Structure formats: C-alpha cells, structure tokens
1. I want to check the label-to-label distance for Ile232 and Arg146. Put each point 7 Å from Cα in the C-beta direction and report it in nm to one decimal.
2. Taking H as built 1.01 Å from N, whose amide H comes closer than 5 Å to the amide H of Ala85, not counting residues under 5 places away?
3. Local charge sum around Glu54 (other residues, Cβ-Cβ under 14 Å, Lys/Arg +1, Asp/Glu -1)?
4. R0 = 22 Å: FRET efficiency of Arg185 with Lys67, Cβ-based, nearest 0.05?
5. Can you work out the PRE-style zone for Ala76? Point 7 Å along Cα to Cβ, and I want the residues of segment 196-230 with backbone N under 18 Å.
6. Can you pull the percent of segment 124-219's accessible area that's carbon plus sulfur, 1.4 Å probe, other chains left in place?
7. If Lys and Arg each add +1 and Asp and Glu each add -1, what is the summed charge of the other residues whose beta carbon sits under 12 Å from the beta carbon of Glu225?
8. Return the distance in nm (one decimal) between the two label points of a simple spin-label model at Ser265 and Gln175, each offset 7 Å from Cα along Cα→Cβ.
Amino acid sequence: MKRIILICSLLLAGLNLSAQSRYVMLEGLVETPAGLTYNLPQSTLCIDLEVESEQIIAGPYARYALKCLGVRAPFADKTTYTLRAARIALAAQEELCSGAAPSAPSCGAEEPFPALLIDRIDLLQPTDEEAAMQAAKRIFQLRRTRLELISGEVGEHVFGEGLKSALEEIDRQEQALLELFLGKRRCSVEHHRLTLTPQANKKQYILGRFSESEGLLAATDLSGEIILLDIIPGEPYPVQAAPEKSTTVVACRVAAPSLCSVQLSGSELTSCTLPLFEFGRTVQLLLPRKR
C-alpha cells in the first residue's frame, strides 16, 4: 500500500499532473484516504440550453386593426419558443459550468390593456367598432402632433428637455393605444442544464427535442426537432511513453481533443474542442527518479 502511495506522489510531482489533469489522469488502483479504489478517468459534459419564449396577447380591437390602421393583427394569443443559444463545457470547469446559468432580462410588462376614455356625444354605449375608430383617431392625432413639434409648426417655446419629454409622452400614449389593436408582447428566457458522460463507442447523442410551439421536449417526443450532440475525436494528446522494458511505470489515461457541437435540425448552435478521456488511450508512463 505504501508503495502505491509513493508511486502516486512521485508521479504527481514528476509529471505535474495537477496542471495536466484536464488530459492526463492516473488509471487503475489508487490508494486514497477512503481506501483502495479503482480510478477510471471519465469526462462529464455540461450542456446549457437557453430557450426564449415570446407571448403575444391579442388586443381587444385586433379585429378592427386592418380597417382602422391598415395593418393586420393577431386575433388570438400565441406563444413562440426559440432555442436562442447553447453552451458546452466540461463539468469540472467550474468557471464555465458551475451554479445556475446566467439569466437574461425579460421584455414586456404585466400591465393590463389601458382603459380607453370614450368621447361620448350621447348616453348610448359605443360599440367595439366605434371605440376602435376613436382609438385610431387618437393615434393619428398623436402622430400629427409629433410631426408638428419636430417641424416647429407648433410649440415654438418647447425645446431642449421640454421637447424631449413631450415626444416621449406622445410615444408612450401612442404605444398604449397601438397595443389595443396589435396586442402586447411579453418574452422571457429559461435556462436548461443537461449533463452527459460520453461512451467510447458512441459519438452522437440526442439531448432532447425542440418545438417552436411547445419549447423544449423530451427526446422521445417525435413532434419536435432533434437537438443533437455530435463528437468528432482527434488524436490523443502527445505524451512520451515509458520504454518497453521499464519496470517503474504507472498506467495513465490520456484524453483526446474532441470537437463537440450542439445542433438543431442540422444547424450548429455552438461548438468547442474539449479533452475527452473516452476517446483517448492508456499509456505506461515512466516514474521519475528519486532525488
């Protein structure tokens, strides 16, 4: 047992494996404080997927958008998902793959649609179409006022910060009125983390599936497009092996630089080269001499 510990300590000192642990690791029986264990170097991949969801909430006057404003608007609520980004790293690389994935800001607001104050000329409640016509009329009035302020036809005493504030208020009111026709847009971002240990005889893995209408799906759900992890191994890192007749040797596993890419329907989302032990080789390394 003491000889095993001595071998390991000499190897770590001579080969400086602490600096090379990403691509060279001891293989076989190793004595640790917990006892004698068999060390089989493995590589665990950490894949982060960033999914953005965009929700369109139909406006109450959507059906009158074409007639009143000359544009088409969605009549029903709709949510669309986009697989915006992916990241891949070794799970041991704490600086790249530890904790929660970074969050992204959300867009849109939770406020309800603004209540439109109707210009009444009698006591009768206007129909939705009449209210939509009045809202459209206000939009065109705001646009006309904006143009007059910018051209200087009105507001000759409005300039500097005053002009800026006036234009911002016009923009705010116009946007609120447009939402009555075009609806509200809300978007958010979700992060999903997957871990995977490659197999030496397998170079492609289905991480899951993705649908624009449903988002991230299980790998068995055939309604979505395949999210594929593809691995292309290279030659193992060059390490000088011990001469054939050497006796003071120890087995080490040398990783192979492997191109790992995440793809969606054949389009690459991300790729990087990582040292993977599963596609490497076992080498007998010569132990350093005692000084």
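1. The two pseudo-label positions are separated by 4.9 nm.
2. Residues meeting the amide H criterion: Glu50.
3. Values: positive: Lys78, Arg84, Lys184, Arg185, Arg186; negative: Glu50, Glu52, Asp77, Glu190, Glu212, Glu214.
Surrounding charge for Glu54 is -1.
4. Working from the Cβ atoms, E equals 0.50.
5. 212-215
6. That share works out to 51 percent.
7. Working: positive: Arg209; negative: Glu212, Glu214, Asp221.
Net charge in that neighbourhood comes out at -2.
8. 3.1
The values are calculated or read from the model by the stated rules, or taken from the named source; none is laboratory data. This structure is a prediction, so every number in the text was calculated from the model and none was measured. Here the Cβ is made from the backbone with ideal geometry for all residues, glycine too, and neighbour counts use every protein chain on show. What goes into the accessible areas is simple: the full protein's heavy atoms, side chains included, and nothing from ligands, DNA or RNA. Shrake-Rupley method; radii C 1.70, N 1.55, O 1.52, S 1.80 Å.
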